[in-house]
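The values are calculated or read from the model by the stated rules, or taken from the named source; none is laboratory data. Everything numeric in this text was worked out from a predicted model, so none of it was measured. Heads up, the Cβs are rebuilt from the backbone with ideal geometry, glycines too, and the neighbour counts pull from every protein chain shown. Please note that ligands, DNA and RNA were not included when accessible areas were found on the heavy atoms of the full protein model with its side chains. Shrake-Rupley method; radii C 1.70, N 1.55, O 1.52, S 1.80 Å.
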Amino acid sequence: MQKTNSGTTAALLRGRGLALVVAAGTVAGSVLLGAVPAYANATTKTVASDGDSVTFTTSDSSRKVSGNVSFTINRDGNWEIAANARNGNLIGRNAHWICDLTLGSSDLRKSTGTKWVPGKKTRSLNASAYEPFIEVSFDALVATGQADCDVVVG
């Protein structure tokens, strides 16, 4: 074994260096995986009695953050996501909801803003706006449109 100026052997230093690389890779991997959305559960589609709105509802969970979401589209082109996120972890997490509205080969993605959810707490996550595609395609969306919503942690 070759000694360095500090009296530490080179083999010992290589072992420490390798442990540092492995630890850094584990942390980087967990950060990258933290932003991957979960796969959505079955979504229930409900058309209002007057036919002027459609609401898609579901629940989802990812990395011990769970909640319910309601994604409503209106004949006038307005949409709204009303959701909550319950953090089952001791440590707080950033979370948001993504809803994909699908009509044939067309896909429209809407989301809430990201919100900090403290450990063991629940927060509301809401968003709404106007979307011309919804107004133009509303009747087709009522007939065959699908929505898929996921809670995203990270």
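Tabulated values for the structure
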item: Single residue of region 63-114 satisfying the filter (on the phi > 0 side of the Ramachandran plot and open to solvent by 40 Å² or more (accessible area, probe 1.4 Å)) that is nearest to the chain's Cα centre (by Cα); result: R63
item: Members of region 119-136 found to be in a strand (DSSP E or B), touching a residue at least 40 places away in the same chain (Cβ under 8 Å) and either of a type outside the set (S, T, N, Q) or open to solvent by 80 Å² or more (accessible area, probe 1.4 Å) (or both), listed by number; result: L125, N126, A127, S128, A129, Y130
item: Options W116, W79: the member that is in a strand (DSSP E or B) and closer than 16 Å to F56 by Cβ; result: W79
item: From L101, L125, residue being hydrophobic (A, V, I, L, M, F, W, C), touching a Lys or Arg at 6+ places or on another chain (Cβ under 9 Å) and either more than 20 Å from A48 (Cβ to Cβ) or modelled with pLDDT under 95 (or both); result: L125
item: Residue in region 78-93 that is of a type in the set (G, A, S), closer than 26 Å to V54 by Cβ and without any contact (Cβ under 8 Å) to a residue 40 or more places away in the chain present; result: no
item: Residue that is farthest from the chain's Cα centre (by Cα) [pool: residues in region 137-151 that are in contact (Cβ under 8 Å) with a residue 40 or more places away in the chain and surrounded by fewer than 17 Cβ atoms within 10 Å (Cβ to Cβ)]; result: T144
item: Condition check for N89: assigned to a loop (DSSP other than H, G, I, E, B), under 18 Å from Q146 (Cα atoms) and polar (S, T, N, Q); result: no
item: Restricting region 28-59 to residues that are surrounded by 11 or more Cβ atoms within 10 Å (Cβ to Cβ) and among the small types (G, A, S), the residue that is modelled with the lowest pLDDT; result: G34
